[in-house]
1. Translational diffusion coefficient, Stokes-Einstein: compute it for segment 12-81 using the Kirkwood radius over C-alpha pairs as Rh, at 25 °C and 0.890 mPa s, and state it as an integer in µm² s⁻¹.
2. For the chain, set up a Gaussian network in which alpha carbons nearer than 10 Å are linked by springs, and say which option among L64, L23, L56 fluctuates the most.
3. Against the longest principal axis of the chain, how steep is helix 65-74, in degrees 0 to 90 to the nearest 10, with axes from Cα atoms?
4. How much accessible area per residue does segment 35-84 have, counting only protein heavy atoms and a probe of 1.4 Å, in square angstrom?
5. Round to a whole number: what % of the accessible area of the chain belongs to carbon and sulfur, probe 1.4 Å?
6. Can you give me the relative contact order of the chain as a percent, contacts being Cα pairs under 8 Å and 6 or more apart?
7. What does the charge dipole of the chain about its Cα centre add up to, to the nearest 20 debye, if the Cβ of each Lys and Arg holds +1 and the Cβ of each Asp and Glu holds -1?
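The values are calculated or read from the model by the stated rules, or taken from the named source; none is laboratory data. Just so it is clear, the model here is predicted, and its values are computed rather than measured. Glycine gets a Cβ as well: all are built from the backbone with ideal geometry, and neighbour counts include every protein chain shown. Accessible surface is based on the protein model in full, side chains and every heavy atom, while ligands, DNA and RNA are left aside. Shrake-Rupley method; radii C 1.70, N 1.55, O 1.52, S 1.80 Å.
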Amino acid sequence: MNNIKPPSYTKKALRVLVFKTNLVSAKDIHRISPVMGDTPGILRWNVDEHDIDNVLRIETSWLLPGDIIRVLTNAGYVCEELPD
């Protein structure tokens, strides 16, 4: 279980965070699915396992890139924010 708590202030606009990962197979994606579903603030997520960087996209209104990196690292995966 993660320790991410929603902020007490009003939600910001929806934004998309993009990460390079080592989620290379459907099995990897299946393994992180419960973690992603249990993480407050993740509205939608997907992994493009056909992209060379195995891109993870997260839709959120308040999570920070460091929150997502921590979640994936704790699950045993590599996650690095990609620049815009």
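1. Working: Rh = 11.9 Å.
Value of D from the Cα-based Kirkwood radius: 206 µm²/s.
2. Result: L64 has the largest fluctuation of those listed.
3. 50
4. On the way: 2840 Å² over 50 residues.
Spelled out: the 1.4 Å probe surface of segment 35-84, per residue, equals 57 Å².
5. Numbers: 2880 of 5500 Å².
Taking all protein chains in place, the chain shows 52 percent carbon and sulfur surface.
6. Details: 122 pairs, mean separation 33.7, N = 84.
Relative contact order here is 40 percent.
7. Using only the charged Cβ atoms, the result is roughly 400 debye.
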